[in-house]
Amino acid sequence: MNLDEDLRQTLTVVALSTELAVGSGPDTLLNLIVTTAARVLAAQAASIFLVDEAAGEMAVVVASGERAADALRLRMPLGHGIAGFVVATGQPMAVARASESPMFARDIASSIGYVPTSVVCVPMRFEDEIIGAVELFDKIDGTTFTQDDMEMLGLFADQAAITIGQSRVLRNLRTLLGSALRLSTAEDGDAAERREGHRTTLDDLVSTVEQSAEYRDVAEAAALLTAIRKRGSREHAAALDLLRSFAHYLGATDTDRPSSVLRPPSGT
Amino acid sequence: MTRPAYTHPFEPGELREVAEPLPPGPITREWAWGGATGRGVRVAIVDSGVENEHPAIAGRVTRFAAVRSTPAALQLDTAPHGDTFGHGTACAATVLSLAPEVELYSVRVLGPGLLGTGEAFLAGLRWAIEQRVQVVNLSLGSNKRDYFGAFHELVDTAYFQGTVLVTAANNMPVPTYPSLYSSVISVAGHSIAEPFTFYCNPTPPVEFGAPGIDVRVAWRGGSYVVTTGNSFAAPHITGIVALILSKHPDLTQYQVKTVLHATASNVRRSKVDGRTAG
């Protein structure tokens, strides 16, 4: 890869990251990721697969290229084809001249609707879980995808994973808050009905929170901090300091804050 | 009765003489695997299964173990199985292409309902080690820190009993267990198509490079594909390790690494008696 191409690819990834930070909706972002990946790596088509563990399936959620519309309707059993293998093992893989292998061709065709010449696939990881894969097809100059291509695709896959992962975490809450907001600003219906609607929505929210492991930890942490605050604001500040220091010690945060736990609380 | 457990083997009366494992002169490829075919060595392929009927495999798999997930626990099914992906067959065939007379064990930890879970992987690896095979090819890994300890324990057990583990390093910059541990032989891919061309990396954690870019490998359904991935480089080293062990069965894992290091294509040979060794 020469310097021009290096720069072009780096700038594209940076621009993509900036755009992601601004916060468009997840589908728009995923589309952007997939089309940019295909452009940067000179591929004719691309797909993002997502694992649906409950259904035991993998679905194509975003696709680009001529057959994108067909690809979007595809669901396949977990563990099928290259994407299935990549998702199961977390190992990236590329295949050249796929059409020359009948078994291979059939597997791929059944998963994306046509037989590509070359394929590269990398896993998408969010918080230690492999949630899907990003796959690119048919390098435009007819060559195979290289190790560098795999690495670059890995960067896009990371972005896609963050986008999907974060949107999932927020989705339930967003839906419920949205319903609550709609109810509270509704103009029709009398006050009693509105109150009933609020109560139901809040009950739903509470039960979602209680049932969902994602939020249970957050709820417990909040409850603990509230209980500590009742003992005093200094104690509350110390508890937060402790959490910050631990996170910093683990390297879990980016900011370089000196530990304030070692400083005696003011006033003693 | 009490006795000092760890010092016991060194006590007079207990101390035993052992044969020198490595040659007195330079370690050459001829010494390492010249004339070897892998006969007498059992290699476990921990993967998606192996298609025993594939022409490139030709029935060389003699034992099977497939991890099955049930609500109660993980079970091991020892009936013959096939390859749901093709990847295990690719690895097995690559090993055979270098060491045609090894005996293969297929340990399936990937497939419907398994999704390569860390638990399934651990169970399969544990079974392979319990069978006391000489070499295990692991073109897989787990990224979960939770499994760090469990893998470490297994890998240590393998080392101390004399089972060599060859793993594929992950291409993505994520920690992978057990590939990261020092006692396994971790392998990444290079682009030279010659099977006996392998490189040693003086700056680990990836220690060796073997063909893994655009390699033609067997695939399920009796077919072949041309593919790229570190998981196809590992079985090249597995095959070479099998050759080495068939000729020198008493080498430990670290001695095998020394031999690989000394016979790598990028090693600069030192001069002996004014002539370049090797």
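Is it fair to say B:R108 is at pLDDT 95 or above and under 21 Å from B:R42 (Cβ atoms)? Judged against the criteria, B:R108 is not a match. Counting the residues of the range B:155-173 that are without any contact (Cβ under 8 Å) to a residue 12 or more places away in the chain and either open to solvent by 50 Å² or more (accessible area, probe 1.4 Å) or among the aromatic types (F, W, Y) (or both) gives 2. From the list B:A123, B:A158, the one residue that fits, being of a type in the set (G, A, S), within 13 Å of the chain's Cα centre (by Cα), at negative phi and not in a loop (DSSP other than H, G, I, E, B), is B:A158. Contact annotation: residue pairs with Cβ atoms under 6 Å, 6 or more positions apart or on different chains, pairing a residue in the range A:230-246 that is within 18 Å of A:E220 (Cβ to Cβ) with a partner that is open to solvent by 100 Å² or more (accessible area, probe 1.4 Å), are A:H236/A:R229.
Being among the acidic types (D, E), in a helix (DSSP H, G or I) and modelled with pLDDT of 75 or more is true for just one of A:D107, A:D141, A:D149. Which residue is that? The match here is A:D149.
Test B:V136 against the stated conditions and say whether it is open to solvent by less than 20 Å² (accessible area, probe 1.4 Å) and either of a type in the set (V, I, T) or within 14 Å of chain A (Cβ to nearest Cβ) (or both). Judged against the criteria, B:V136 is a match.
Conditions tested, residue by residue: (1) open to solvent by 10 Å² or more (accessible area, probe 1.4 Å); (2) part of a loop (DSSP other than H, G, I, E, B); (3) free of Cβ contacts under 8 Å to residues at least 24 places away in the same chain.
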site: B:L15; (1), (2), (3): yes, yes, yes
site: B:A19; (1), (2), (3): yes, yes, no
site: B:I27; (1), (2), (3): yes, yes, no
site: B:G38; (1), (2), (3): no, yes, no
site: B:N52; (1), (2), (3): yes, yes, no
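Among the residues of the range B:226-239, the ones that are crowded, with 24+ Cβ neighbours inside 10 Å and in a strand (DSSP E or B) come to 2 in all. Of (1) in a helix (DSSP H, G or I); (2) modelled with pLDDT of 75 or more; (3) buried (at least 22 other Cβ atoms within 10 Å of the Cβ), A:L29 satisfies all except one. Which? A:L29 satisfies every listed condition except (2).
The values are calculated or read from the model by the stated rules, or taken from the named source; none is laboratory data. Since the structure is predicted, the reported quantities are computational estimates derived from the model, not experimental observations. Neighbour counts are summed over all protein chains in view; Cβ atoms, including those assigned to glycine, are modelled from backbone coordinates with ideal geometry. With ligands, DNA and RNA removed, areas are computed over all heavy atoms of the protein, side chains included. Shrake-Rupley method; radii C 1.70, N 1.55, O 1.52, S 1.80 Å.
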